[in-house]
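The structure appears below as structure tokens.
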Amino acid sequence: MRSQYDPAWVESTAQARWLRDNVFKAVEDESRPKFYACSMLPYPSGKLHMGHVRNYTINDMLARHLRMKGYNVLMPMGWDAFGLPAENAAMQSGVSPAQWTRMNIADMKSQMQPLGLAFDWSREIATCDPKYYKWNQWFFLKLLEKGVAYKKTQIVNWDPVDQTVLANEQVVDGRGWRSGALVEKREIPGYYLRITQYGEELLSAIDTLEGWPDMVRSMQRNWIGKASGVRLAFVHTIEDASGQLIDEGKLWVFTTRVDTLMGVTFCAVSLEHPLTRRAIELDPGLEPQVQEYRQAVQGSPAAGAQAKLGIPSGLHVEHPLTGEPIAVWITNYVVSEYGEGALMGVPAHDERDFDFARQYGLPVQPVIAFEGLPYDPAVWSDRYSSREGHLINSGAYDGLAVEQASQAIVDALAERGCGEQATTWRLRDWGISRQRYWGTPIPIIHCEHCGDVPVPYADLPVVLPTDCIPDGSGNPLLQHEAFRHAACPRCAAPALRETDTMDTFVDSSWYFMRYCDPDCHTSMVGPGNRYWMPVDQYIGGIEHAVLHLLYARFWSRAMRDEGLVDFSEPFKNLFTQGMLLRESYYRKAEDGSRRWFYPSEVSVHYDEKSRPISATALEDGLPVTLGGVEKMSKSKNNVVEPKDIINKFGADTARLFTIFAGPPDQSTIWSDSGVEGAYRFLRRLWSFAVDDQAHWGKGDDQAVDAAEARRVRFMTHSLLQQINNDYERLQYNTVVSGAMKMLKVLEGARNAGRQTCRESMSILLQVLHPVTPHVSQVLWEALGFAGAIYDSAWPTPDSDALKRDEVKMMVQVNGKLRGEILVQADADHDTIRGQALSHAVLSKHLEGAGRMIVVPNRLVNFIV
């Protein structure tokens, strides 16, 4: 055993043992409880940073801990390998996305392996492998047969630079989230999946996800967005260019507050509404402003947070009960994809409408009175949106309570044929078509004679060419003759393949099932899926709390309905880890872009309280801007690469720091001094283990201080009790602090005896093993403990060790602390009273003491 801690030797020694014994290969074993621990698979961007180390170490700790507790654990790893970044990289480097992706996978895997992560690499998958995406295509065809997949033409967000459709959430301030280009609206055909068919089930099942964070469950509910209310129509006589009534002469809106109908002072329509298009036809001068709004609006429900802007359309509709004309406004805060793409404006009782009306001088008509609280049309109050109170200014409905009025108004609308109870959803069907190259080909062939023809199952997979290098001029598949041209499967006539590829969320909606049987070539999922699924613990970032998880939940149900799986929810428990943050620095260029500096490239200046106040670049001495702490990101040059930490301090130090830095579910800031502190702890651990004669007592053949032995055992098992509780809660940072305290106990155990110290040392190495697996394993073997540490039984606190012969009790007099006494743990009240009264210091405070209140083993309070 080496006298000095040598991380490189320790870690190579441990990993050689794991490789030799194939330690982490998981096999189905009905004799043990299974546990499937899965991290969200990464995109192979090329470089790991310490934020990745933290994420994967959390999962690794869970897997190693449960293995030692007797579970049969699966922890796989793979690559979310399709996507637009590979195409963008190809345009910059001239290397095909296929080659770039494969190089990055190899590079990232080589960076992961030194960390000692307990991945079962035999199950590795990459979603760009034909043997994987074949099943995307196969299942798409199954969904197409059932009508769950379908084709339609729809207005979409089009990124003119990336030449692709963007989801609403990928449009930020009117620009593409990657390219920054102004997004256009286009009508194009594409394929959709009827996730709305599962909306009710997806919503109601959220209540069963007890192992998910409450915040994530709320985000899922809000995204699905079920609302019960009334669908009603404002009639009109507006005709299109051909003389036909638009939407049969009815402007439909959905409202959850039909009781406020008599307070409508305007109607608002989206930028894409048919009435908007007609208004522009009648008054072309409106088009520039509408186009400006289109470019600026985000295009998602979050648009409601922007300034409420509008244009009077010049069109009017009729109030459904009074027949009065209501002006129609074209606005940026009504979204075409949600509800009816129109709303009734009730400024008196809706804050958003109130802001809009105030901006444009529209009438505000209160129709609900609140007892003793007059309405002030100049200032909004949250009480104006309350459902308490009774109706006013509402004709026949005056004096009715809100619920009574609502029903009466619904009945009146129904009689007129222009309203009914309805439920609306924020959730919309999932558009999976992407007009780009690097993705799963949609298995459809377009024939002039037969139309859109599915590729026969026997011809799957439709293999994506790997020799394309995008140049930014659109989808290169359109120019790939060998791929594009095919014979029609029905009539054999020359035909063209579909060149749209699938949204990469398709790839990530079921990969965790493929891990269970990655080499199954006859079915989408194999027998292993029945053993391992559902995932017992899923771990990933909060940024995936909505779409990825929602699509995965939908996909599992669709597979269930196809008879492929027997469960509905894919993830029993979900853990969203916090991010690792680091300071960032940048300098603005003349064109407004930012150049980001590495922390090592700047000199930071601090005030007298050590707070950063400014920074300059080392290269030229000129100022740079303090960007604050940001998530570690290559784009901001504030990453710390694992290899740099591993080369200097070792993988166990990297793992230990990222776990000890803070609670795993909270973000924490990178600290160079914290890394050095973690390294010092491991050196102390090594030195203590090596120098056993000095630290472990004089041996069992010489005198042992029994009291000291009892103290060491009590402290060790008390800390073990706390550590075990923290492991169960995934509170891993306090696991580390508990282990540090345990080492300190051992360092002070000079006369506890070898047997006691060996017991405590074995416990310390075991609780550290999930955090620092290399050094704990090498020390375990060097100190002669039985078997392999990763197969050892997880330690449990010894109840006898937790019993105290003597306990320290605080002594209070009338609730005020006066001192302490040392008593036998099983002392009765009379003994405790006697010791307190005879105490040299306390006795003077206890003259005339009467009643005595005892909190066992903690304190005693005398009433004087």
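Just to verify a result, which residue in region 574-602, among those that are of a type in the set (S, T, N, Q) and buried (at least 18 other Cβ atoms within 10 Å of the Cβ), is farthest from Arg217 (Cα to Cα)?
So the residue we want is Ser584.
Return the only residue of Ala849, Ala786 being in a loop (DSSP other than H, G, I, E, B) and either touching a strand residue (DSSP E or B) at 6+ places or on another chain (Cβ under 7 Å) or of a type in the set (S, T, N, Q) (or both).
Going through Ala849, Ala786 in turn, just one is in a loop (DSSP other than H, G, I, E, B) and either touching a strand residue (DSSP E or B) at 6+ places or on another chain (Cβ under 7 Å) or of a type in the set (S, T, N, Q) (or both): Ala849.
Quick one: would you say Ala106 is in a helix (DSSP H, G or I) and under 29 Å from Gly190 (Cβ atoms)?
Answer is no for this residue.
Scan region 412-429 for residues that are closer than 9 Å to Ala227 by Cα and touching a Ser or Thr at 6+ places or on another chain (Cβ under 6 Å) and report the count.
Going through region 412-429 one residue at a time, the tally reaches 1.
State all residues of region 488-545 that are farther than 30 Å from Leu580 by Cβ and aliphatic (A, V, I, L, M); if no residue qualifies, say none.
Ala492, Ala493, Ala495, Leu496, Met502, Met524, Val525, Met533
Could you say whether any residue in region 218-239 is in the same structural domain as Leu343 (by TED's automatic domain parsing), free of Cβ contacts under 8 Å to residues at least 40 places away in the same chain and either of a type in the set (Phe, Trp, Tyr) or within 23 Å of Lys308 (Cβ to Cβ) (or both)?
no
Residues Thr101, Thr57: which one is part of a helix (DSSP H, G or I), more than 23 Å from the chain's Cα centre (by Cα) and modelled with pLDDT of 95 or more? Write out each step before concluding.
Numbers: Thr57 fails: more than 23 Å from the chain's Cα centre (by Cα).
When all the criteria are applied, what remains is Thr101.
Output the number of the condition that Ser473 fails; it satisfies all remaining conditions of (1) surrounded by 12 or more Cβ atoms within 10 Å (Cβ to Cβ); (2) over 22 Å from Leu144 (Cα atoms).
It fails just one condition, (1).
Count, please, the residues in region 506-522 that happen to be surrounded by fewer than 18 Cβ atoms within 10 Å (Cβ to Cβ) and either touching a Phe, Trp or Tyr at 6+ places or on another chain (Cβ under 7 Å) or in contact (Cβ under 8 Å) with a residue 12 or more places away in the chain (or both). Give the steps one after another, and end with the answer.
Our first condition is that a residue be surrounded by fewer than 18 Cβ atoms within 10 Å (Cβ to Cβ); within region 506-522, this holds for 519-522.
Pick out the ones that are also either touching a Phe, Trp or Tyr at 6+ places or on another chain (Cβ under 7 Å) or in contact (Cβ under 8 Å) with a residue 12 or more places away in the chain (or both) and you get 521.
Number satisfying all stated conditions: 1.
Please determine, by comparing only the residues of region 178-215 that are free of Cβ contacts under 8 Å to residues at least 60 places away in the same chain and in a helix (DSSP H, G or I), which one is nearest to Lys146 (Cα to Cα).
Gln197
Considering only region 84-103, state which residues are polar (S, T, N, Q) and more than 15 Å from Thr127 (Cβ to Cβ).
Residues of region 84-103 that are polar (S, T, N, Q), as a first pass: 88, 92-93, 96, 99, 101.
Matches in region 84-103: Asn88, Gln92, Ser93, Ser96, Gln99.
Report whether or not Arg64 is crowded, with 22+ Cβ neighbours inside 10 Å, out of contact with any strand residue (DSSP E or B) (no Cβ under 7 Å at 6 or more places or on another chain) and of a type outside the set (A, V, I, L, M).
Answer is yes for this residue.
Tell me which residues, restricted to region 447-485, are in a helix (DSSP H, G or I) and either touching a Leu at 6+ places or on another chain (Cβ under 9 Å) or in contact (Cβ under 8 Å) with a residue 60 or more places away in the chain (or both).
From region 447-485, those in a helix (DSSP H, G or I) are 457-459, 476-479, 481-484; that's our starting set.
Tyr457, Leu477, Phe483, Arg484, listed by residue number.
Return a yes/no flag: does region 69-83 have any residue that is surrounded by 24 or more Cβ atoms within 10 Å (Cβ to Cβ), touching a residue at least 40 places away in the same chain (Cβ under 8 Å) and out of contact with any helix residue (DSSP H, G or I) (no Cβ under 7 Å at 6 or more places or on another chain).
No: zero hits.
Pick out the one residue from Ala16, Ala106, Ala98 that is outside the structural domain of Gln163 (by TED's automatic domain parsing), under 27 Å from Cys516 (Cα atoms) and touching a residue at least 24 places away in the same chain (Cβ under 8 Å).
Working: Ala16 fails: touching a residue at least 24 places away in the same chain (Cβ under 8 Å); Ala106 fails: touching a residue at least 24 places away in the same chain (Cβ under 8 Å).
Among Ala16, Ala106, Ala98, only Ala98 is outside the structural domain of Gln163 (by TED's automatic domain parsing), under 27 Å from Cys516 (Cα atoms) and touching a residue at least 24 places away in the same chain (Cβ under 8 Å).
Each row is one residue, and each column tells you yes or no for (1) without any contact (Cβ under 8 Å) to a residue 60 or more places away in the chain; (2) out of contact with any Ser or Thr (no Cβ under 8 Å at 6 or more places or on another chain).
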site: Gly243; (1), (2): yes, yes
site: Phe254; (1), (2): no, no
site: Met262; (1), (2): no, no
site: Cys267; (1), (2): no, yes
site: His273; (1), (2): no, no
site: Arg278; (1), (2): yes, yes
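Cβ-Cβ distance below 7 Å, separation of 6 or more or different chains: which pairs start in region 553-566 with a residue that is closer than 13 Å to Arg194 by Cα and end on one that is of a type in the set (S, T, N, Q) and surrounded by fewer than 21 Cβ atoms within 10 Å (Cβ to Cβ)?
Note: pairs meeting the criteria are Arg557/Ser568.
Do any helices (runs of 4 or more DSSP H) lying entirely in region 507-561 carry at least 3 residues that are more than 22 Å from Asp120 (Cβ to Cβ) and of a type in the set (Phe, Trp, Tyr), and which ones are they?
The qualifying helices (runs of 4 or more DSSP H) are 547-561.
The values are calculated or read from the model by the stated rules, or taken from the named source; none is laboratory data. The shown structure was predicted, so the numbers you read here are calculated from the model rather than taken from an experiment. So basically every Cβ, Gly included, is an ideal-geometry build from the backbone, and we count neighbours across all protein chains shown.
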